[in-house]
1. Would you work out the relative contact order for the chain, in percent, from Cα pairs under 8 angstrom that are 6 or more residues apart?
2. Given 0.36 nm per residue, what is the gain on full extension from L57 to Y141 after removing their alpha carbon distance, in nm?
3. Provide the net charge surrounding S104, with neighbours chosen by a C-beta distance below 12 Å and charges set as Lys +1, Arg +1, Asp -1, Glu -1.
4. Using DSSP H assignments, which helices in the chain have an axial alpha-carbon span of 18 Å or above and a mean Kyte-Doolittle hydropathy of 0.0 or higher?
Amino acid sequence: MKSVLLPNQPKTIFSYLRVGRLLYYSLILFILEAWFYWYKLEAAYAEMDKFFIGLWLWSFLFSFSHIYLVMADGWSRFQNYKRAKDQLYMFGLNKRITDMYIGSKCQRMAVETAAEELGIIDEVKDYYKKKGVKWFHYVPYFMVSDPFFLFKRKFWSRTFVEKKYEPRFDYKEIQLELSV
């Protein structure tokens with residue numbers, strides 16, 4: 001893989017945003033939703049309607065907490081992206097690598113972004129297609145197969161608190177060296 005010319009490497013912030021684009025769209029929705037529920041909560045509080053105070057407070061807290069969960073999920077997917085990019089660069093397209101990230105749409109997007117930046121996106125998409133992954137498979141597979149996933153430590157650690165990963169390679173530098 002190291003002898004292949006790399007496509008132009010984007011700035012890190014663009015990779016970060018591309019990896020979690022679905023998450024950041026939902027982040028905007030959760031912010032708007034929290035704002036709406038806060039507005040409704042204030043109105044219910046002014047009228048001292050206990051039922052609606054409880055309803056809008058619960059709704060606000062639900063939306064507000066999701067703002068932080070989405071940000072943590074986006075950060076974790078970025079760690080997946082950096083790790084997958086290093087792995088794909090070192091070993092090329094390898095089913096063990098791509099299978100590690102097949103479980104959710106967000107993880108697949110992390111691998112696909114890394115693959116695109118390495119120039120092997122078509123191979124990764126073909127592999128996922130052969131594995132039966134469809135474009136509309138948004139719900140993570142483990143959520144379907146294990147209804148008690150919320151009570152598992154692995155879910156919380158892999159979804160929201162993925163360990164920080166430092167890339168092994170400077171891809172911009174490699175791209176410049178290989179293009180000369």
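1. The value is 32 percent.
2. 27.1 nm
3. +3
4. 21-47, 50-91
We did not get these values from a lab; they are worked out from the coordinates using the rules stated. Since the model is a prediction, treat every value here as computed from it, not as a measurement. Positions of Cβ are backbone-derived with ideal geometry, glycine not excepted, and every protein chain shown enters the neighbour counts.
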